[in-house]
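**Q** Mind looking over this structure? Questions follow.
The values are calculated or read from the model by the stated rules, or taken from the named source; none is laboratory data. Fair warning: this is a prediction, and the values are worked out from it, not measured in the lab. Heads up, the Cβs are rebuilt from the backbone with ideal geometry, glycines too, and the neighbour counts pull from every protein chain shown.
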């Protein structure tokens, strides 16, 4: 696809990096000459200096023949106007980054008039992901398939777990309703099979319905309980959206924020949350407000360094689920050595969400991938395909298909029924089929077969 991205900031850069890996033709536009040069030199993209909300700049970037324009500047109004201008010159699809809670709430009223295909709010997106992790406090990562009917959940196996030291074939998977998919150990990742032995300290991904997963973790001795008491450090947009979602689900929420005016705004908007005016880096204040007793703590301040340091402190005094917001991707290698289990980057999440939407668009253009998640630091992919009538995988038992190595069919959704397949199960037309693999670039269900 031919895609124009307006805005070369962190969000635009993240989106471009995600899409260029999928071999799209990318053009980027920004008023900042240095930002355009930096992005066009680091990625194989065409860079255009100019105001991306104008016809001239969009035309210079090739928007008149583009399939999609993505507006990702720092200003919501500019993004919405850019999409309106793009549609006026014939661009069939547009996506706008919209951060304002007021605009986000009202956007559905004018989406059709603006011709928007999709809007995305990075902070709201991150809040949604964090709320899912707090629902299963012991989870390191949660991804969903089959319209949320089944989840892929990564956990750390504790020493006390009854599954430690056992082959997967010896583990009670609740009558086959849980599938163990991947095992990460010592920096290596394995696609699991019945002979794979689970060890304490492994990071293991399982697929199951949410309610079945909860039963499995309880039997396996993995603490996966739901957070009931959460402290949010920092009162920015992510905290606001997250507090809204947590309160609705019955969680007690406390927000600590150093800016007094922002505290008043939060108190006016979040009547059921406890708002504390104070410095989130003040250890005495944190202890007095119960971070050592909370089920979950999210470090959501503006500065990555503060989020990292305070997360390490909380880890030393609490057993809470700790989530750390990081905006700078260059901190990644450092964080891996610090033992921070749940690190969230709203800019990266935005790129991933937009890439998923574009994959869905491509279904009508030949691609057959409905959902894709990159797991274990991008070494493994989990893909959801729709089985078409002409697929070579149909009506043959899975055990008889010549599947590629390092690949596992982990789930089939058929008419709302979830099947965790065995060797005798078959794929039928219109099934939703989820596979997990170390192979990259699969675009059709036939690609799971050896050539």
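**Q** Just checking, how many residues over region 126-144 are under 13 Å from the mean Cα position of the chain (by Cα) and modelled with pLDDT under 90?
**A** Residues meeting the conditions: 9.
**Q** Separate question: Going by the structure shown, is residue 429 crowded, with 19+ Cβ neighbours inside 10 Å and more than 25 Å from the chain's Cα centre (by Cα)?
**A** no
**Q** Sort out which residues of region 389-440 are in a helix (DSSP H, G or I) and under 24 Å from residue 143 (Cβ atoms), and write them in order of number.
**A** 398
**Q** So, in region 157-172, of the ones that are touching a residue at least 60 places away in the same chain (Cβ under 8 Å) and farther than 23 Å from residue 337 by Cα, which residue ends up surrounded by the fewest Cβ atoms within 10 Å (Cβ to Cβ)?
**A** That would be 160.
This table checks each residue for (1) in contact (Cβ under 8 Å) with a residue 24 or more places away in the chain; (2) under 22 Å from the mean Cα position of the chain (by Cα); (3) in a loop (DSSP other than H, G, I, E, B).
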| residue | (1), (2), (3) |
| --- | --- |
| 181 | yes, yes, no |
| 190 | no, yes, no |
| 194 | yes, no, yes |
| 211 | no, yes, no |
| 215 | yes, no, no |
| 218 | no, no, no |
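**Q** Just to be sure I understand, how many residues within region 71-81 are part of a loop (DSSP other than H, G, I, E, B) and under 13 Å from residue 103 (Cβ atoms)?
**A** So the count comes out to 1.
**Q** Within region 88-98, identify whether any single residue is touching a helix residue (DSSP H, G or I) at 6+ places or on another chain (Cβ under 7 Å) and under 20 Å from residue 327 (Cβ atoms), and answer yes or no.
**A** yes
**Q** Report, by residue number, each residue of region 82-132 that is assigned to a helix (DSSP H, G or I), in contact with a strand residue (DSSP E or B) (Cβ under 6 Å, 6 or more places away or on another chain) and buried (at least 21 other Cβ atoms within 10 Å of the Cβ).
**A** If the condition is that a residue be assigned to a helix (DSSP H, G or I), in contact with a strand residue (DSSP E or B) (Cβ under 6 Å, 6 or more places away or on another chain) and buried (at least 21 other Cβ atoms within 10 Å of the Cβ), then 82, 83, 86, 126, 130 are the ones that fit.
**Q** Does region 158-168 contain at least one residue that is closer than 23 Å to residue 298 by Cα, outside any helix (DSSP H, G or I) and not assigned by TED's automatic domain parsing to the domain that holds residue 325?
**A** yes
**Q** Report yes if some residue within region 228-238 is in a helix (DSSP H, G or I), more than 23 Å from residue 175 (Cβ to Cβ) and at pLDDT 90 or above; otherwise report no.
**A** yes
**Q** Another question, then. With respect to the numbered conditions (1) assigned by TED's automatic domain parsing to the domain that holds residue 164; (2) in contact with a helix residue (DSSP H, G or I) (Cβ under 8 Å, 6 or more places away or on another chain); (3) crowded, with 19+ Cβ neighbours inside 10 Å, which one is the sole condition not fulfilled by residue 216?
**A** Among (1) assigned by TED's automatic domain parsing to the domain that holds residue 164; (2) in contact with a helix residue (DSSP H, G or I) (Cβ under 8 Å, 6 or more places away or on another chain); (3) crowded, with 19+ Cβ neighbours inside 10 Å, residue 216 violates only (2).
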